[in-house]
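A.B. asks: This is the structure I have questions about; it appears just below.
The values are calculated or read from the model by the stated rules, or taken from the named source; none is laboratory data. Please read all numbers here as calculations on a predicted model, not as lab measurements. Here the Cβ positions follow ideal geometry from the backbone for every residue, glycine too, while neighbour counts run over all protein chains shown.
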Amino acid sequence: MSERVPVYNALKCNMTVPQDTSTISIIDADEHAVVSVQEMLGGLEAGFSIYCDAESFLLSVHDGQPLPACLITELLLPGLSGLELFRLLKANEAHVPTVLVTAEASVPMAVQAIRAGVADYFLKPLNEPRLRHVVATILGRTAQQPVSDGGMRRG
């Protein structure tokens, strides 16, 4: 818990954290989920930074790592949740388009996340064409497999 204070202070005091426009950060404690997302997004010509929890991501920002162009995070993480991380970043004016993913279907949580301003909310297993489309849009690129837009759907 003591690690959160310097991370919060770093965000609070350094509102101009640099942003890397070609990196996607993935936060998930499940290594297989991380590899799967990397494979799904491999053709987007972006680099990846991987973290097992929100605190590790925040510490990397504290240590000078630029913010990513896109953040894909599991909703239910050990410690700080993906939604709490998004809210912390937003409250400290660190604008990072964020995609939440989860295996736990919850309409109220999805509504809460979208109202908070996340870019999208996916249920696992992830829908590869839809994820590629969303992330390509965030990165300002053209997805190879466009999909129709809609409400909350299974991943």
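A.B. asks: Can you name every residue in the stretch 34-55 that is modelled with pLDDT of 95 or more, hydrophobic (A, V, I, L, M, F, W, C) and touching a strand residue (DSSP E or B) at 6+ places or on another chain (Cβ under 8 Å)?
C.D. replies: Across the stretch 34-55, the qualifying residues are Val34, Val37, Leu41, Phe48, Ile50, Cys52, Ala54.
A.B. asks: Moving to a separate point now. Does the stretch 60-73 include one or more residues that are farther than 22 Å from Thr21 by Cβ, at pLDDT below 95 and either in contact with a Cys (Cβ under 7 Å, 6 or more places away or on another chain) or not acidic (Asp, Glu) (or both)?
C.D. replies: Within the stretch 60-73, not a single residue is farther than 22 Å from Thr21 by Cβ, at pLDDT below 95 and either in contact with a Cys (Cβ under 7 Å, 6 or more places away or on another chain) or not acidic (Asp, Glu) (or both).
A.B. asks: How do the pairs read when you match residues in the stretch 16-41 that are over 20 Å from Phe122 (Cβ atoms) with residues anywhere that are surrounded by fewer than 18 Cβ atoms within 10 Å (Cβ to Cβ) and of a type in the set (Ser, Thr, Tyr), using Cβ under 9 Å and keeping only pairs 6 or more apart or on different chains?
C.D. replies: Every condition considered, the pairs that remain are Asp20/Ser49.
A.B. asks: Where the second residue is acidic (Asp, Glu) and the first is in contact (Cβ under 8 Å) with a residue 24 or more places away in the chain and lies in the stretch 92-111, which pairs have Cβ atoms under 8 Å and are six or more apart or on separate chains?
C.D. replies: Val99/Asp120; Leu100/Glu74; Leu100/Asp120; Val101/Asp28; Val101/Glu74; Thr102/Glu74
A.B. asks: Being of a type in the set (Val, Ile, Thr) and out of contact with any helix residue (DSSP H, G or I) (no Cβ under 9 Å at 6 or more places or on another chain) narrows it down to one of Val101, Val107, Val118, Val135, so name that one.
C.D. replies: Val107
A.B. asks: Same structure, new question: In the stretch 14-30, which residue that is among the hydroxyl-bearing types (Ser, Thr, Tyr) and modelled with pLDDT under 85 is surrounded by the most Cβ atoms within 10 Å (Cβ to Cβ)?
C.D. replies: For the stretch 14-30, the residue satisfying everything is Thr21.
A.B. asks: On to the next question. Do you know which of the residues in the stretch 107-155 that are of a type in the set (Val, Ile, Thr) and under 20 Å from Gly43 (Cα atoms) is modelled with the lowest pLDDT? Before the answer, list the steps.
C.D. replies: Step one: of the stretch 107-155, the residues of a type in the set (Val, Ile, Thr) are 107, 111, 114, 118, 134-135, 137-138, 142, 147.
With the extra rule that they be under 20 Å from Gly43 (Cα atoms), the set shrinks to 134-135, 137-138, 142, 147.
On the way: Val134: 96, Val135: 97, Thr137: 95, Ile138: 95, Thr142: 57, Val147: 35.
The extreme case among them is Val147.
A.B. asks: Still on this structure: Please find, among Glu74, Glu93, the residue that is among the charged types (D, E, K, R), farther than 20 Å from Ala136 by Cβ, in contact with a helix residue (DSSP H, G or I) (Cβ under 9 Å, 6 or more places away or on another chain) and buried (at least 20 other Cβ atoms within 10 Å of the Cβ).
C.D. replies: Sole residue among the options that is among the charged types (D, E, K, R), farther than 20 Å from Ala136 by Cβ, in contact with a helix residue (DSSP H, G or I) (Cβ under 9 Å, 6 or more places away or on another chain) and buried (at least 20 other Cβ atoms within 10 Å of the Cβ): Glu74.
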